[in-house]
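The values are calculated or read from the model by the stated rules, or taken from the named source; none is laboratory data. In this text, all values refer to a predicted model and were calculated from it rather than measured experimentally. Here Cβ is always computed from backbone atoms with ideal geometry, including for glycine, and neighbour counts include all displayed protein chains. Ligands, DNA and RNA are stripped out before the accessible areas are found, and what is left, the full protein with its side chains, is counted by its heavy atoms. Shrake-Rupley method; radii C 1.70, N 1.55, O 1.52, S 1.80 Å.
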Amino acid sequence: MSDVSEAPPVSPDARTTVIVITHNRRDQLLRSLDRLAALPEEPPVIVVDNASTDGTPDAVAAHHPGTTVLTPGRNLGAPGRTLGVRRARTPYVAFSDDDSWWEPGSLRRAADLLDRHERLGLVAARIHVGPAGEPDPMNDVLASSPLGRAEDLPGPQVFGFLACAAVARRKAFLAAGGYHPLLFLGGEETLLAYDLTARGWGVCHCPDVVAVHSPTGGVRPGRPAVQLRNAALTAWLRRPLPVALRHTRELLQEAGRDPDARAALRQMLRRLPAALRDRRPLPAAVEAAARRLDARGALL
């Protein structure tokens, strides 16, 4: 008889729904859904199809008939995740993209953490990249967050995360408004972290929870400009006026020599009136934490 006892298998877990957004990446989505369907937790899955034209809804219905597919009829970007969260009926929601999934057992570990820590609003997972499971450089950034730890939270507090590597408390996510429609997609996570923290919820990095991200095709066209645009819009939406003006001034300075900055500036100015209408500066304690990250030059 062996002296080594095997770990018990992970059993189904009904606490977490996985929300997946997709747009015109049918085959990649189906591979990710295969991975999610093989998880021992057997989570319910909701796919929000952002106006694909490649037959995605029909393909999901054929290959994964147990998956709920929402078709809003237009490309919502990141706020498509909010639509999925509204449909979910579990206390927790995990997010995947059409090029990501979760390691077996991670959704159960995240749910256990959320059960134990009543103030925990969002878990920022550790990220493994590609078939080889290489660690994402973001893991070290999150683990070394200068925001430190709170006694009632299980990991370092952060103001950033990868959207497809997060597990949230559903009621906290919805109370914070979910993903802001003004940002659409690209760097949208920081604003949600601000809004969760401003409402008293904890956002922290928990490396025992692991997501796998397997991107293909390199950086999408226009993404650098969108990232710059959304950083400036986030400042106008939640940060003090000097911080928002600094972001805008930096875009102006770069616009003369950098086409991405030029595009970001144009896009930001078109959206600025809407940002000003929804401007809600952060509470003093949250702003102080954001300034600590500014001083370090980090976006967490």
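Of note:
- Qualifying positions in segment 25-49 - closer than 16 Å to ALA78 by Cα and either out of contact with any helix residue (DSSP H, G or I) (no Cβ under 7 Å at 6 or more places or on another chain) or free of Cβ contacts under 8 Å to residues at least 24 places away in the same chain (or both): ARG25
- Residue in segment 190-198 that is surrounded by fewer than 21 Cβ atoms within 10 Å (Cβ to Cβ), outside the structural domain of PRO273 (by the TED database), of a type outside the set (A, V, I, L, M) and closer than 21 Å to VAL18 by Cα present: no
- Criterion applied to GLY160, GLY187, GLY200, GLY217 was being among the small types (Gly, Ala, Ser) and closer than 26 Å to PRO273 by Cβ, and the one residue passing it is GLY187.
- Total residues in segment 263-292, condition open to solvent by less than 90 Å² (accessible area, probe 1.4 Å), of a type outside the set (Asp, Glu) and within 19 Å of LEU196 (Cα to Cα): 11
- Note on segment 200-250: residues that are more than 17 Å from the chain's Cα centre (by Cα) and open to solvent by less than 30 Å² (accessible area, probe 1.4 Å) total 12.
- Here ALA111 fulfils each of the conditions (1) of a type in the set (A, V, I, L, M, F, W, C); (2) in contact with a helix residue (DSSP H, G or I) (Cβ under 7 Å, 6 or more places away or on another chain); (3) open to solvent by less than 10 Å² (accessible area, probe 1.4 Å) apart from (2).
- Restricting the first member to segment 274-288 and to residues that are in a loop (DSSP other than H, G, I, E, B), and the second to residues that are surrounded by 14 or more Cβ atoms within 10 Å (Cβ to Cβ) and of a type in the set (Gly, Ala, Ser), the beta-carbon pairs closer than 7 Å and six or more apart or on different chains are LEU282/ALA198; LEU282/ALA290; PRO283/ALA198.
- When each of ARG35, ARG26 is tested for being in contact with a Phe, Trp or Tyr (Cβ under 6 Å, 6 or more places away or on another chain) and at pLDDT 95 or above, the lone residue that passes is ARG35.
- Filter result for ALA295 (part of a helix (DSSP H, G or I), among the aliphatic types (A, V, I, L, M), surrounded by fewer than 17 Cβ atoms within 10 Å (Cβ to Cβ) and modelled with pLDDT under 95): yes
- Filter pass, ARG149 being assigned by the TED database to the domain that holds GLY200, in a helix (DSSP H, G or I) and over 17 Å from the mean Cα position of the chain (by Cα): no
- Pair list, Cβ under 8 Å, 6 or more apart: segment 120-138 residue open to solvent by 70 Å² or more (accessible area, probe 1.4 Å) and modelled with pLDDT of 95 or more, other residue basic (Lys, Arg) and part of a strand (DSSP E or B): PRO135/ARG126
- Qualifying residue in segment 164-172 (condition: within 19 Å of VAL286 (Cα to Cα), over 11 Å from the mean Cα position of the chain (by Cα) and open to solvent by less than 10 Å² (accessible area, probe 1.4 Å)): yes
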